[in-house]
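Each remark here refers to the structure printed beneath this line.
The values are calculated or read from the model by the stated rules, or taken from the named source; none is laboratory data. Here the structure is a predicted model, which is why all the values come from computation and not from measurement. With ideal geometry, Cβ positions are generated from the backbone for all residues, glycine too; neighbour counts draw on all protein chains shown. To get the accessible areas, we keep the full protein, side chains included, count just its heavy atoms, and leave off ligands, DNA and RNA. Shrake-Rupley method; radii C 1.70, N 1.55, O 1.52, S 1.80 Å.
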Amino acid sequence: MGLRETVERIAAMSRPPANEEAAKIRVLVPILVELGWDVHDHRDTGEVLWEHPVGPGSGAGQKGRADIVLAKTGQGHRLLCLIEAKSPKEDLSKHVDQLMGYAFHEGVDICVLTNGLEWWLYLPREPGPAASRRFAELRLTSSSHQQVADDLEAYMGKANLNGGEAERRAKETLSKLREAERLKTEMPKVWRRMLDEPDQDLVELFARRVHERTRLWPSPEAVAAVLQGKPSDSVPVAGLGDPPKETHPRIQRSPKKSLKAVAGKAWTRPRTVVLWGNATEVTRWTGVMVCVAEAVHQRHPHDFLERTKAMAGKKRPFASQAPADLIRAGRISSADVWVETNFSADDTLKKCRKLLEIFGYSASDLDVLTKE
């Protein structure tokens, strides 16, 4: 039986183990066996140590006992992972401090608190409160069984713990969790500061969206009042203003025939695509089409092909995973998707604007700068 099957069997137990000893026998032992550990090695210097004396005890001269300790055997015998097993009725949060105290005192890489169905994994030597050192929380009854098996192998597998790979992966995971938590905390603060003191870029963006809907340009003072959440009666009465100055000149729309060769000289060529504030250098109109399609696909990878069916021609699709379906295929580098690029300059602009509108964006989000 493999690790995933063992996880599935434990998750499907109609009655989880009623006490700690039963949890060790029916849950921990099978999992440790699948992770490569010799659970029958009962030597003091073995790789699985049961009821192992660890850490300072609650009284003078006393020591506590860890339910299970995984160790590296041979020369340089060292404790690697400490596991505390509790019964399902126990509140795991009440045992975190004891676990962390034992683990820190013994200098293990990873420590685990479990009731068989929930597994809390910690890096005991990391700085900060105990809660901030938890890098994984595995739930056998609600998480993907394959994902639980993969995580158990990554962080508690014998080879990974012995070689230090488990601790390295755990540190990477904890670092990402802390970064995500910091973003979660800081983003609302940044947004509140932006609303309290709107900068020019935000004011202009909001003004453009208002103009697209009303064909009117609000004044910067009126925009700032709305962004700051001021009552409507405090918005300046003289709320009309002038259009904001263009940061990038927009390409001039021309009659269809004007893009053809004139007096033997090619019409202007594109040099920069500006979309959602990002500028990309291009040399051909085919590059404009691919650049815009690439940007939209990055935001909508899962439904890109389905939604772009609305842009298909009479005989050929606009986008496909088979370049042979297209006349001139331009590849989206981030995926095995190609888009049609066999368009004139004018049609390329029309297709790009239509592509943006299909996905709910404004055609005015796009600027194409041309060579002189």
Original post:
Among the residues of the range 328-371 satisfying the criterion of being farther than 23 Å from His211 by Cα and hydroxyl-bearing (Ser, Thr, Tyr), which is most open to solvent (accessible area, probe 1.4 Å)?
Top reply: Ser333
Subject >> All positions within the range 103-129 that are without any contact (Cβ under 8 Å) to a residue 60 or more places away in the chain, over 20 Å from Gly164 (Cα atoms) and open to solvent by 20 Å² or more (accessible area, probe 1.4 Å) >> reply: Glu118, Gly128, Pro129
**OP:** For the range 79-91, enumerate the residues that are in contact with a strand residue (DSSP E or B) (Cβ under 8 Å, 6 or more places away or on another chain) and modelled with pLDDT under 90.
**Re:** Ala85, Lys86
**OP:** Kindly indicate which of Leu183, Leu195 is surrounded by 13 or more Cβ atoms within 10 Å (Cβ to Cβ), closer than 26 Å to Trp276 by Cβ and modelled with pLDDT of 85 or more.
**Re:** Leu195
Subject >> Matching residues, the range 286-313, being farther than 30 Å from Thr268 by Cβ and either free of Cβ contacts under 8 Å to residues at least 24 places away in the same chain or hydroxyl-bearing (Ser, Thr, Tyr) (or both) >> reply: His302, Asp303, Glu306, Lys309
Subject >> Count of residues meeting criterion [touching a residue at least 24 places away in the same chain (Cβ under 8 Å), surrounded by fewer than 18 Cβ atoms within 10 Å (Cβ to Cβ) and of a type in the set (Ser, Thr, Tyr)] in the range 142-180 >> reply: 1
**OP:** Output yes when any residue across the range 320-327 is farther than 27 Å from Arg213 by Cβ, assigned to a loop (DSSP other than H, G, I, E, B), open to solvent by 10 Å² or more (accessible area, probe 1.4 Å) and at pLDDT below 90, and no when none is.
**Re:** no
